[in-house]
Amino acid sequence: MKFNMKLNVIIAVLMVTSLSCVAAEPVPHWDYEGEAKPENWGKLSPEFSTCENGKNQSPINIEHALKTHHDKLKLVFKPGKQEIINNGHTVQVNVDEGNTLEIDNEVFTLQQFHFHTPSENEINGKHFPMAAHFVYKSKNGDLAVVGLMFKKGKPNLELAKAWQQIPTEAGSTAVLNQSVDIKALLPNRLNFYRFSGSLTTPPCTEGVIWIVLEQESNVSTEQIEKFHSIMHHNNNRPIQPLHGRVIID
Ligand SMILES: [Zn+2]
């Protein structure tokens, strides 16, 4: 009887294991260096073909922007719980609901923010040593990303709240003891460039509204090095062609 029960448990475990193997369609491995580097993303899987064939890919070099009279950035911030994750490609902070961006009469809600060293977008042909991407999603599933550049300077006190619990191992997470005040992380002036682009990681999905802030926040050399040493290498996709896209200022 006991033996049978054990056997049943083993069979049940085996069934669950094999089911999960079938259910979890493995995402093709991609990376920033080696065989799975950005230049090869489009060839790694048919799901990633937009990385190669897309005509509205990010990041871009922001220059020759068209001056317009556009609305100010409509951002609302709400304090809440934040969870920091090292996913092997970046360090990401997942946020609670309530942080919104309104653009073209559509409300987008902040999902997470994460970091790149160096910056992915360039401004007038220049990288910044680090950038943050704030990823917003609307009810319809539309995406908008707000890009924040960092320049080298004093230690960033808001970033420090996340950095003191930055997970060094890929796959590990932590709930932040002190949540990052996102408003305080951003510069005072919120002038921005706007253009149409894509996710900068596979599957490189297009139709993303990109908002890149013109003013930078500061970050210390030590803070950049801490991130970089955990990532082990740069995590920026190379600049993509504009293909006739217009950048609005
Ligand atoms: Zn990003």
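The values are calculated or read from the model by the stated rules, or taken from the named source; none is laboratory data. Computed from a predicted structure; not experimentally measured. Quick reminder, even Gly has a Cβ in these numbers, built from the backbone with ideal geometry, and neighbours come from all protein chains shown. Just the protein is used for accessible areas: all its heavy atoms, side chains included, with ligands, DNA and RNA removed. Shrake-Rupley method; radii C 1.70, N 1.55, O 1.52, S 1.80 Å.
Tell me yes or no: at least one residue of region 183-193 is open to solvent by less than 50 Å² (accessible area, probe 1.4 Å), closer than 27 Å to LYS37 by Cα, within 16 Å of the ligand (Cβ to nearest atom) and among the hydrophobic types (A, V, I, L, M, F, W, C).
No, the conditions are met nowhere in region 183-193.
Looking only at residues in region 101-126 that are open to solvent by 50 Å² or more (accessible area, probe 1.4 Å) and away from the ligand (no atom under 14 Å from the Cβ), which one is farthest from the chain's Cα centre (by Cα)? Give the derivation first.
So the first thing to find is which residues in region 101-126 are open to solvent by 50 Å² or more (accessible area, probe 1.4 Å), and the list is 102, 104-105, 107, 111, 124, 126.
Subset that is away from the ligand (no atom under 14 Å from the Cβ): 102, 104-105, 107, 124, 126.
Details: GLU102: 19, ASP104: 22, ASN105: 24, VAL107: 19, ASN124: 22, LYS126: 20 Å.
Step by step, filter region 101-126, then rank; the result is ASN105.
Working only within region 66-100, note down all residues that are assigned to a loop (DSSP other than H, G, I, E, B) and within 16 Å of the ligand (Cβ to nearest atom). Explain how you work it out, then say what you get.
From region 66-100, those assigned to a loop (DSSP other than H, G, I, E, B) are 67-73, 77-81, 87-90, 96-99; that's our starting set.
If the condition is that a residue be assigned to a loop (DSSP other than H, G, I, E, B) and within 16 Å of the ligand (Cβ to nearest atom), then ASN87, GLY88, HIS89, THR90 are the ones that fit.
How many of the residues in region 75-132 are charged (D, E, K, R) and touching a Gly at 6+ places or on another chain (Cβ under 7 Å)? It would help to see each step written out before you state the result.
Within region 75-132, the first condition is being charged (D, E, K, R), and the residues that meet it are 78, 81, 83, 96-97, 102, 104, 106, 120, 122, 126.
Filter once more, keeping what is touching a Gly at 6+ places or on another chain (Cβ under 7 Å): 78, 96.
Qualifying residue count, region 75-132: 2.
I'm trying to understand the selection: among the residues of region 130-160, which are away from the ligand (no atom under 15 Å from the Cβ) and within 24 Å of ASN234 (Cβ to Cβ)? So that I can check it myself, show each step before the final result.
Applying the first criterion (away from the ligand (no atom under 15 Å from the Cβ)) to region 130-160 yields 138-142, 151-160.
Matches in region 130-160: LYS151, LYS152, GLY153, LYS154, PRO155, ASN156, GLU158, LEU159, ALA160.
Do we have any residue at all in region 126-133 that's of a type in the set (Gly, Ala, Ser) and in a strand (DSSP E or B)?
Step one: list which residues in region 126-133 are of a type in the set (Gly, Ala, Ser), which gives 131-132.
Add one more test, that the residue is in a strand (DSSP E or B), and what stays is 131-132.
Yes, region 126-133 has at least one match.
If you scan region 201-247, which residues turn out to be open to solvent by less than 10 Å² (accessible area, probe 1.4 Å), assigned to a loop (DSSP other than H, G, I, E, B) and either closer than 12 Å to ALA131 by Cβ or within 14 Å of the ligand (Cβ to nearest atom) (or both)?
Matches in region 201-247: CYS204, ASN235, ARG237.
For region 142-161, give me each residue that is over 16 Å from ALA184 (Cβ atoms) and either open to solvent by less than 40 Å² (accessible area, probe 1.4 Å) or in a strand (DSSP E or B) (or both).
We begin by selecting, within region 142-161, every residue over 16 Å from ALA184 (Cβ atoms); these are 142-145, 147, 149, 151-152.
Selection gives LEU143, ALA144, VAL145, GLY147, MET149, LYS151, LYS152.
With under 22 Å from VAL95 (Cα atoms) and of a type in the set (S, T, N, Q) as the only criterion, which of GLN240, GLN215, GLN223 stands out? Give the derivation first.
Details: GLN240 fails: under 22 Å from VAL95 (Cα atoms); GLN215 fails: under 22 Å from VAL95 (Cα atoms).
Answer to the selection: GLN223.
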